[in-house]
1. Give, as a single signed number, the net charge of other residues whose beta carbon lies under 13 Å from the beta carbon of Ala58, with Lys and Arg counted +1 and Asp and Glu -1.
2. Computed over the Cα atoms of the range 59-132, what is the ratio Rg over Rh, Rh following Kirkwood?
3. Counting Lys and Arg as +1 and Asp and Glu as -1, each charge on the Cβ, what is the dipole of the range 2-130 about the Cα centre in debye, to the nearest 20?
4. Return the Rg/Rh ratio of the range 2-130 with Cα-based radii and a Kirkwood Rh.
5. Pulled fully out, how much extra length does the chain show between Lys92 and Arg120, if you take 0.36 nm times their separation in residues and subtract their Cα-Cα distance?
6. Counting only residues 5 or more places away or on other chains, whose amide H sits under 5 Å from the amide H of Ala61 once H atoms are built in the peptide plane?
7. So what's the gap between the Cα centers of the range 97-131 and the range 68-92, to the nearest angstrom?
8. Please name whichever of Gln54, Ala40, Phe73 sits farthest to the positive end of the charge dipole of the range 26-112, dipole taken about the Cα centre and charges placed at Cβ: Lys and Arg +1, Asp and Glu -1.
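Read-outs throughout are calculated quantities, based only on the coordinates presented, and are distinct from any laboratory measurement. These numbers come from a predicted model, not from an experiment. For neighbour counting, all protein chains shown are included, and Cβ atoms are generated from backbone atoms with ideal geometry for every residue, glycine included.
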Amino acid sequence: MKTLAFFQLVGMTALLFSGCVTELTVLPRPNAAGRTDHEAFCNIDGNDLVIRIQNSGAKDAPPTTVLVEFPGFPSQTVVTPAIPKQSVVEVKVPIPAGCHNPDCDFKITVDPNNQVQEPREDNNVQAGICIG
């Protein structure tokens, strides 16, 4: 089983560096780089949640969507622009009024319909919280 996992990792790494794939991930806010706790993904600009999406692959990513779920409120979907290889883009989603009660939980899913081919899909989802 360990051998299979090793060869899967080697295969994914080879694809990433061969120029054949894109790899989308949600990044924490700039001043929380390196953190992985849920609060690190709280990036607010006015009444908007700012979502940072990275394409760490060797191929440009086409436009796609981002689904943001705020428990107890309607889900929101926004379109992302194309993301050049090795680049980061930001999209904004309005935070529902009343979400901070006292805290505001959310879940971000990049490319929820799997339109962009990637070697990994498990890193397209990130939970977050903004403390009230």
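1. On the way: positive: Lys59, Lys85; negative: Glu23, Asp60, Glu118.
That sum, taken over residues with Cβ under 13 Å, equals -1.
2. On the way: Rg = 13.5 Å, Rh = 13.4 Å.
Reported Rg/Rh, Kirkwood definition of Rh: 1.01.
3. Numbers: 9 positive and 14 negative charges, 72 e Å.
Dipole of the range 2-130, to the nearest 20 debye: 340 debye.
4. Working: Rg = 15.6 Å, Rh = 15.4 Å.
Taking Rg over the Kirkwood Rh, I get 1.01.
5. Details: separation 28, 0.36 × 28 = 10.08 nm, distance 2.43 nm.
Contour length minus the Cα-Cα distance gives 7.7 nm.
6. Amide H to amide H, under 5 Å and 5 or more residues apart or across chains, Ala61 pairs with Ile83, Lys85.
7. Rounded to whole Å, the Cα centres lie 8 Å apart.
8. The residue sitting farthest along the positive end of the dipole is Gln54.
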